[in-house]
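Beneath this line is the structure, given in structure tokens, with notes to follow.
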Amino acid sequence: MAGSYRMCVCFTRKFKVTEAGPPPDVNEAFFKYTNGGTHMSAEQLRRFLVEVQGDGGVSIADAEKIVDQVLQKMHHIAKFTRRTLTLDDFHHYLFSADLNPPIGDQVHQDMTKPLSHYFIYTGHNSYLTGNQLSSDCSDVPIIRALKRGVRVIELDIWPNSTKDNVDVLHGRTLTAPVELIRCLKSIKEYAFSSSPYPVIITLEDHLTPDLQVKVAQMINETFGDMLYCPECECLEEFPSPEELKYRIIISTKPPKEYLKAESGKDKGNKSRKDKDSDDDTWGKEPLDLVSDQEDGDVSDTFTSEDSDGESQQPGVSAYKRLIAIHAGKPKGGLKEALKVDPNKVRRLSLSEQALEKASENHGTDVIRFTQKNILRVYPKGTRFNSSNYKPLIGWTHGAQMVAFNMQGYGRYLWLMNGMFRSNGGCGFVKKPDFLMKGGPHGEVFNPKTKFPVKKSLKVKVYMGDGWHLDFKPTHFDSYSPPDFYTRECQVMLS
């Protein structure tokens, strides 16, 4: 029986993916450090890392570890008899995001200076899950922020509905509260999950004295020896991040100032009417309700250190002893608030608009203040959707705590997150020297000063951990160390 058959033949065609070969500059570096050889030893790699990448702390053991990691990844062999790199191995290492990441994961800056010498990764209303008006309050965004490396957590503390316990919520809004103790326990558990350096808790205190005593008990029982409580009431200089590793720091206004602020509430309400409508009148600490006035009279909302308000309230001293970083502003306007007291340090809070006004009229005073004290900047009250503002104005004027809505979105938050990926992502970035230095007559850096335009600019671009600009005839060096290979070009500016 005859028939016809149809046959189908299937086959697989394999294509080999070819990778681009090493560029000329990588070839040149490889043959330079191998003396023209075909393999790079661990010692030759160490010399390259020290001399080209500027990593002076690399030992021969570190270089051998890198060689082993490259060989395992490239050749998938756990034990390799040859512990040297070929040109392709070297090329792969340089461009590997895992083995040679663009941003290093090691702390490389000097961490022994006072806290005022550092920009600090700071959250605003850290407990909110969404917008500023109606979202839930929770410890979840606090945990996320700490895992990201945020070092300053803000909590607004209010009496609960029965006035016998303490809640965290955005006051005078529709936000649903969360218990303070829950937030404190989460902070304790996750505070040092991404960084060993201190976590600062800023409290916006809206409590009665009896609840302040209860908060003091909660904080002591939760954190115990983790708490940093200075022996003296007012510090003359802040400790360093290195000294404060694995410590929790409380920052708020001393209780007696709160009591005085309450007694002057009517006058405070009157002064608020004279302010811009954009000012943040919800998430403020009591005295910050008048902090934005440039020249307003705030004498009735401040108590001096000689006030006897504390003695009238039993148990308040236990709460006050927990406060390591005192917040508040002196009598008078912004000019007075920015005066530096040689005998004590403090924290001052300004809204983003108040900082803009201060930068226009008192720019050098702001910088002089931030050389010794801490300045916190917070978003204006009309940012209902938890948006953020330009952080560069604060950083340019030395503000350590540029507080951001970490649950928000947008390019400014990306800029903030990118800023604090540097220095190993530890949450502290050392301020450039020009913001900390003073002249022989007390003069400081002035951001408004116009410098002559440089027409010749020599640029060194390091392909990796940082960048370096060399302006002729001056010299500027970024905080990040140079990385693996330098390309130089000459740019002519019109």
Check your understanding: How do ASP167, ASP88 stack up against each other in accessible area, from largest to smallest, with a 1.4 angstrom probe?
Key -> ASP88, ASP167
Exercise for review: Within the set of other residues whose C-beta is less than 13 Å from the C-beta of PRO241, count the net charge using Lys and Arg as +1 and Asp and Glu as -1.
Suggested key: +3
Check your understanding: Is region 122-164 best put as rounded, prolate or oblate by its Cα gyration tensor, with a ≥ b ≥ c the root eigenvalues, rounded for a/c under 1.5, and otherwise prolate when a/b is larger than b/c, oblate when not?
Key -> prolate
Study note, to complete from the structure: In this structure, among LYS188/LYS372; LYS188/LYS329; LYS329/LYS437; LYS372/LYS437, pairs with alpha-carbon gaps over 19 Å are LYS188/LYS372; LYS188/LYS329; LYS329/LYS437
Exercise for review: Given the peptides 122-132, 105-115, 425-435, arrange them by the average over their residues of other C-beta atoms within 10 Å, most packed first.
Suggested key: 122-132, 425-435, 105-115
Study note, to complete from the structure: Looks like region 316-450, by Cα gyration tensor root eigenvalues a ≥ b ≥ c and the a/c under 1.5 rounded cutoff (else prolate when a/b is bigger than b/c, oblate otherwise), is rounded
Review point. Just how much of TRP158 is accessible, in Å², when a 1.4 Å probe is used and the result is rounded to the nearest 10?
Key: 40 Å²
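The values are calculated or read from the model by the stated rules, or taken from the named source; none is laboratory data. Everything numeric in this text was worked out from a predicted model, so none of it was measured. When we count neighbours, we look across all protein chains shown, and the Cβ atoms used for this are built from the backbone with ideal geometry, even at glycine. Surface areas here come from the heavy atoms of the whole protein model, side chains and all, with no ligands, DNA or RNA. Shrake-Rupley method; radii C 1.70, N 1.55, O 1.52, S 1.80 Å.
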